[in-house]
Amino acid sequence: MKNRALNLISPVAFLVIWELLVALGALDRRFFPAPSETLARLLELLQNGELTTATVITLRRMAVGFVLAAVPAVVIGLLMGANRMARIILGPLITALYPVPKIALVPMVVILLGIGETSKVAIVAISVFFLVVIHTMAGVLNVEQRYFDIARNNGARPWDLLTTVAIPASLPNILTGINLALGFALTVIVGTELLLPQGGLGALIWKSYNVYDIPTIFAGLIVVALLGWAFTVIMGEVERQLLPWRVADAAPARRRLQDEPRLRRFVRTWWLAVRPFSFTASVTPVVLGSVLAAYDGAWSWLLFAITLVGSVSIHAGTNLINDFYDWKKGTDTPESLGPNRALKEGILTPQQVFWGGVFFFALGSGLGLYLVATRGLLILYLGIFSVLAGWFYTAGPAAFAYIGMGEIVVFIFMGPVMIMGSYFVQMQSVNWNVFLVSIPIGLLVACILHANNMRDIEDDRANNKRTLANLLGRKASRWEYYVLIGGSYLTLVLLVLFGVAPPFVLLALLTLPKAAGLMRTAAVHEAPARLNKVIRGTADLHERFGWLMIAGILAAMVAQVV
Amino acid sequence: MAIIETAALTKVFPGPDRREINALGPVDLTVEAGEFICIVGPSGCGKSTLLRILAGLEQPTQGTMTAEATDLQRPFNSMVFQGDSTFPWLTVHANVEYGLRVRGVPYRERDEIAARMLRTVGLSGYAEAYPYQLSGGMRQRVALARALANDPEVLLMDEPFGALDAQNRALLQDELLYIWDQTGDSAGGGARKTILFVTHSIDEALVLGDRVLVMTAAPGRIKAEIRAPFARPRRTHELKRDPVFGELSYQIWEALRDEVDAARASELRGQR
Ligand SMILES: Nc1ncnc2c1ncn2[C@@H]1O[C@H](COP(=O)(O)OP(=O)(O)OP(=O)(O)O)[C@@H](O)[C@H]1O
Ligand SMILES: [Mg+2]
């Protein structure tokens, strides 16, 4: 694992030597601009929007072609894998066309479809189609016969064989096909844009070549490389999400913390201590608020970074301080299930945890003050409000959490306040639309808390802690759970129906099966162990729902630009 | 009343070089409803093939099989396959409720049944784990729980305890006998299950079965039938001190030994 750092040696050395050779005059800068020059050009092109526009155009062509081809390709691949007749009839055509270099089809496609967008999308679609068909078919054909036997012996009908055996078992192959197809589509679309230079990264590169603007060529190449890398990373994450059953070969055995070299031990210790898995609760609203502002036309990377790092710091600080006080109160003894492993295993002393919390608070407040100074007092009010709410959440005679107000407070501050605040940082104003869009996220955050309270109904009652859950009782609190979850989906749909949010945010409906599963589990179980799963599942739902909404808004932006 | 009857059942597989593999038979077998039958025989003699034909997963080459389902509400048979038969893409819990799910049993009911079966096989703590996180023996228990969850009239069990350690094996033998006895009570829900149980362990066959069938080397026929006349409910470890047990165990081994030798010899011929 030390090798991670060693990985960097060759590319860094390469760049440094390049830079030196240019500086010494050994390389002609007209052909090989120094890396620093390329970087400067890259930033310049980002600033004037040229590069962003080109990237968006390329991505849009890829996205449209990809969706148009991948969906039928999976269906046809499944059909060919499952049905011998389909294989015999379609197989020869597919295998004959598969190896044709797709870029060589450009002339034919142009003759048929002209030189407009259609032909570029078509080229992408053709490239994607065959790869996905072939991998899907191979996936189904490779499913071991015994799985079908087992399924049939358990009463599965042909449709069940498809949905419960063939598809899940071949999903790894399908995803491999999609992964390869993404990389291939990128290659092909950039190539096509070189041949038909009308917008897009390929066209940018080609035009720069014509005017001998070498740094821009390199800048374009860097973006293409970054896109390819991003696809790989995203697909890796998608696979981890969709294939939880695969042997975790990607995660190598972790070294024990004590055996790590010092710097890595330091980083990993604090990483554990701040409980990064809880961060999505604060990251999602910040990203959503900022992206909403971008959708409305205001965006600054710097402000975004500051808002994000600032809120995560505050969140980390809160976690640490909470752990410190829990430890002080003695609820987090080694036997208990307290969340802070670093403290529990004695890797950090309580004092270290406390001062770590202070550090993160200071960092977060510093960044917050910068925002107050540059973006306006509203941030300060929101900040003070949030701190007060955080304080009175568990402290004081009428702590919100103890009088059944927890959900409402969490809803307001982890929903509308954070989202509208992040929006304001970018936009310098807020409006009701932002508030409305923030409702589903707020409801889901409240739902996480409520799931917690459902688990703790008995404990809280014993401790005189009144939560909405134990005030309502077991049965009604289940209804509260349904209402919170159902409410977020209902709001989402209404937002789209009334034109408050772009239709793309309906992507978040993809999480419906998960929500249904959670509601069913919550409907049946009372055992804390089972409800623990509901809590984790709800947090997961909040995260996915939020990111899909964000993806939807980004998609709407891409659709808008072109 | 006979629940399963076969007449001159044979199976021939197409082999390499256009040769034919005589895998099974002819087998004439009558299984009474509620009977517990154990089958022993040398490796490769066709035991799995016989069960697969009885399960309807394989068509016999010749001969007939008749099965008399009495309760149309329940599935007729469920098989515990030889070797790992969990679905790797489903959690343990989802594996166990698989049969109930495809038959459309409502969520609440099947969730309850699956949880109960997981308790029976001692895997409650692993409900949300995926099979790759389990040992071979644990996966075998998941497969057993799935078959039991289906509540079939006939259980076809192909070396279900083969991958288990001795302790778990003994525990699950008792558990299986208990379940089988219970389903025989009028309180336990009507007719007792019929069980066909393939094993390589002579002791296991005697401990569990009403009858032990000894099969010949391939193509497997039924060579001998030994009744296990022990009273039920049986205490498995006490049974082994019974002198009759030793005598019967010896008889079965005598019947089996020639067949094992024959199977060895033909395997060696096959290698040459
Ligand atoms: N699908 C098949 N195609 C061809 N031959 C097969 C097939 N299935 C089984 N056989 C052959 O049929 C014979 C009987 O196989 P079977 O699996 O029934 O044996 P078995 O008695 O269960 O053995 P074991 O105790 O080792 O599990 C073997 O010779 C095997 O090679
Ligand atoms: Mg077998």
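The values are calculated or read from the model by the stated rules, or taken from the named source; none is laboratory data. Nothing here was measured: the structure is a model prediction, and the numbers come from that model. Counting neighbours? That spans all protein chains shown, and the Cβs are built from the backbone with ideal geometry, glycine included.
Scan the stretch B:23-44 and tell me whether some residue there is charged (D, E, K, R) and within 16 Å of ligand 2 (Cβ to nearest atom). Walk me through it before giving the result.
Kept after step one, since they are charged (D, E, K, R), are these residues of the stretch B:23-44: B:28, B:32, B:35.
From what is left, the residues that are within 16 Å of ligand 2 (Cβ to nearest atom) are none.
Taking every residue of the stretch B:23-44 in turn, none turns out to be charged (D, E, K, R) and within 16 Å of ligand 2 (Cβ to nearest atom).
Of the residues making up the stretch A:270-295, just one is surrounded by 24 or more Cβ atoms within 10 Å (Cβ to Cβ) and closer than 23 Å to A:PHE354 by Cα, namely A:VAL274. Given the criterion at pLDDT below 90, assigned to a helix (DSSP H, G or I) and β-branched (Val, Ile, Thr), identify the matching residue among A:ILE419, A:ILE412. A:ILE412 is the lone residue from the list that is at pLDDT below 90, assigned to a helix (DSSP H, G or I) and β-branched (Val, Ile, Thr). Looking only at residues that are among the polar types (S, T, N, Q) and part of a helix (DSSP H, G or I) in the stretch A:457-507, which one is nearest to A:ARG544 (Cα to Cα)? Restricting to residues being among the polar types (S, T, N, Q) and part of a helix (DSSP H, G or I), the top hit is A:SER488.
Among the residues of the stretch A:324-342, is there at least one that is part of a helix (DSSP H, G or I) and modelled with pLDDT of 75 or more? Steps first, answer last, please.
First, the residues of the stretch A:324-342 that are part of a helix (DSSP H, G or I): A:324-329, A:341-342.
Checking which are modelled with pLDDT of 75 or more leaves us with A:324.
Yes, the stretch A:324-342 contains at least one residue that is part of a helix (DSSP H, G or I) and modelled with pLDDT of 75 or more.
B:LEU118 fulfils the conditions (1) assigned to a helix (DSSP H, G or I); (2) modelled with pLDDT of 90 or more; (3) at the interface with chain A (Cβ under 10 Å from one of its Cβ atoms) except for a single criterion, (3). Each residue in the stretch B:47-85 was checked for being more than 8 Å from chain A (Cβ to nearest Cβ), under 16 Å from the mean Cα position of the chain (by Cα) and more than 16 Å from ligand 1 (Cβ to nearest atom), and 1 of them qualify.
In the stretch B:86-98, the qualifying residues are those that are in a helix (DSSP H, G or I) and more than 8 Å from chain A (Cβ to nearest Cβ), and the one that is surrounded by the most Cβ atoms within 10 Å (Cβ to Cβ) is B:VAL96. Reported count of residues in the stretch B:14-46, each being within 12 Å of ligand 1 (Cβ to nearest atom), surrounded by 14 or more Cβ atoms within 10 Å (Cβ to Cβ) and not polar (S, T, N, Q), is 12.
Residue count for the stretch B:121-139 under the criterion of being more than 9 Å from chain A (Cβ to nearest Cβ) and charged (D, E, K, R): the result is 1.
When you go through B:ARG108, B:ARG101 one by one, which is the residue that is at pLDDT below 90 and facing chain A (nearest Cβ under 9 Å)? Write out each step before concluding.
Numbers: B:ARG101 fails: at pLDDT below 90.
None of the others qualify; the one that does is B:ARG108.
A search for C-beta distances below 6 Å between a residue of the stretch B:160-177 that is farther than 13 Å from B:GLY122 by Cβ and any residue that is at pLDDT 85 or above and surrounded by fewer than 20 Cβ atoms within 10 Å (Cβ to Cβ), counting only pairs 6+ apart in sequence or on different chains, returns B:PHE161/B:ARG169.
Could you list, in sequence order, all residues of the stretch A:150-171 that are part of a helix (DSSP H, G or I), touching a helix residue (DSSP H, G or I) at 6+ places or on another chain (Cβ under 8 Å) and facing chain B (nearest Cβ under 9 Å)? Full working, then the answer.
Of the stretch A:150-171, the ones part of a helix (DSSP H, G or I) are A:150-153, A:158-171.
Those still in the list that are touching a helix residue (DSSP H, G or I) at 6+ places or on another chain (Cβ under 8 Å) too: A:151-152, A:160-162, A:164-167, A:169-171.
Result: A:ALA151, A:ARG152, A:ASP160, A:THR164, A:VAL165, A:ALA169, A:LEU171.
Checked against (1) under 16 Å from A:MET414 (Cα atoms); (2) modelled with pLDDT of 90 or more, A:ALA281 passes all but condition (2). Among the numbered conditions (1) away from chain A (no Cβ under 13 Å); (2) touching a helix residue (DSSP H, G or I) at 6+ places or on another chain (Cβ under 8 Å); (3) away from ligand 1 (no atom under 16 Å from the Cβ), the only one that B:ALA7 does not meet is (2). The one condition from (1) buried (at least 18 other Cβ atoms within 10 Å of the Cβ); (2) in contact (Cβ under 8 Å) with a residue 60 or more places away in the chain; (3) within 12 Å of ligand 2 (Cβ to nearest atom) that B:ARG52 does not meet is (2). Going residue by residue through the stretch A:537-550, is there one that turns out to be closer than 20 Å to A:ILE439 by Cα, within 14 Å of chain B (Cβ to nearest Cβ) and of a type outside the set (Asp, Glu)? Scanning the stretch A:537-550, I find at least one residue that is closer than 20 Å to A:ILE439 by Cα, within 14 Å of chain B (Cβ to nearest Cβ) and of a type outside the set (Asp, Glu), so the answer is yes.
Could you check the stretch B:177-203 and list, in sequence order, the residues that are at pLDDT 85 or above and more than 15 Å from ligand 2 (Cβ to nearest atom)? Give the steps one after another, and end with the answer.
Narrowing the stretch B:177-203 to residues at pLDDT 85 or above: B:177, B:193-203.
Passing the criteria: B:LEU177, B:LYS193, B:THR194, B:ILE195, B:ILE202, B:ASP203.
For the stretch A:118-149, filtered to residues that are away from chain B (no Cβ under 12 Å) and surrounded by fewer than 17 Cβ atoms within 10 Å (Cβ to Cβ), the residue that is nearest to A:ILE57 (Cα to Cα) is A:THR118. In the condition set (1) in contact with a Pro (Cβ under 6 Å, 6 or more places away or on another chain); (2) free of Cβ contacts under 8 Å to residues at least 12 places away in the same chain; (3) within 19 Å of A:LEU518 (Cβ to Cβ), A:THR491 is compliant with all but (2).
For the stretch B:140-147, the criterion of being in a helix (DSSP H, G or I), within 8 Å of chain A (Cβ to nearest Cβ) and β-branched (Val, Ile, Thr) is met by no residue.
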